[in-house]
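S.K.: Sharing a structure below in structure tokens format, with a few things to ask.
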Amino acid sequence: MRRYHYILTLQLPTRTGLEVRTWSSTADVPPGMGRHAVYKDLLSQCTAGDPEWARANVLFWSLESDGLEPAEAPSSTSASVPPQRHG
């Protein structure tokens, strides 16, 4: 399994206006599971306690690997001074 971080923001029309909710957490995804299947599964999980939210409009959806890559060390040959103009 691979761990992903997700953010899901939904908007639901109500009798008094609009309500917006955001869910953010991690999910362990088995190999071979597609992005759409993960989306549908997480949407179902997030709205399980309040089923009317399953028909809400999606304002934002993000699914990215939860791992952070180590920063690369700066190269000793990289220049931090802009090139000089010759004229």
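The values are calculated or read from the model by the stated rules, or taken from the named source; none is laboratory data. Since we're looking at a predicted model, the values are computed, not measured. Reconstructed Cβ throughout: ideal geometry from the backbone, glycine too, with neighbour counts over all protein chains shown. When the accessible area is computed, the model is the full protein with side chains, heavy atoms only, and any ligands, DNA or RNA have been set aside. Shrake-Rupley method; radii C 1.70, N 1.55, O 1.52, S 1.80 Å.
S.K.: So between ARG2 and ASN57, what do we pick up on full extension, going 0.36 nm a residue minus the alpha carbon distance? Numbers along the way, then the final one.
M.R.: On the way: separation 55, 0.36 × 55 = 19.80 nm, distance 2.78 nm.
In short, 17.0 nm is gained.
S.K.: Still on this structure, I have one more. Among residues other than GLU19 whose Cβ falls under 15 Å from its Cβ, what is the net charge (Lys/Arg +1, Asp/Glu -1)? List each step's numbers first, then the result.
M.R.: Values: positive: ARG15, ARG21, ARG55; negative: ASP50, GLU52.
Surrounding charge for GLU19 is +1.
S.K.: If you don't mind, another one. Give the ranking of TYR39, TYR6 by solvent-accessible surface, highest area first, calculated with a 1.4 Å probe. Could you put the intermediate results ahead of the total?
M.R.: Values: TYR39 45, TYR6 20 Å².
Result, largest first: TYR39, TYR6.
S.K.: Shifting gears a bit: Can you give the net charge of the other residues whose Cβ lies under 12 Å from the Cβ of VAL58, counting K and R as +1 and D and E as -1? Present the calculation step by step, with values, prior to reporting the outcome.
M.R.: Details: positive: ARG21, LYS40, ARG55; negative: none.
Net local charge, VAL58 excluded: +3.
S.K.: Going highest first, how would you order 15-27, 53-65 by mean Cβ packing within 10 Å? Present the calculation step by step, with values, prior to reporting the outcome.
M.R.: Numbers: 15-27: 10.9, 53-65: 12.8.
Ranking, from highest mean packing down: 53-65, 15-27.
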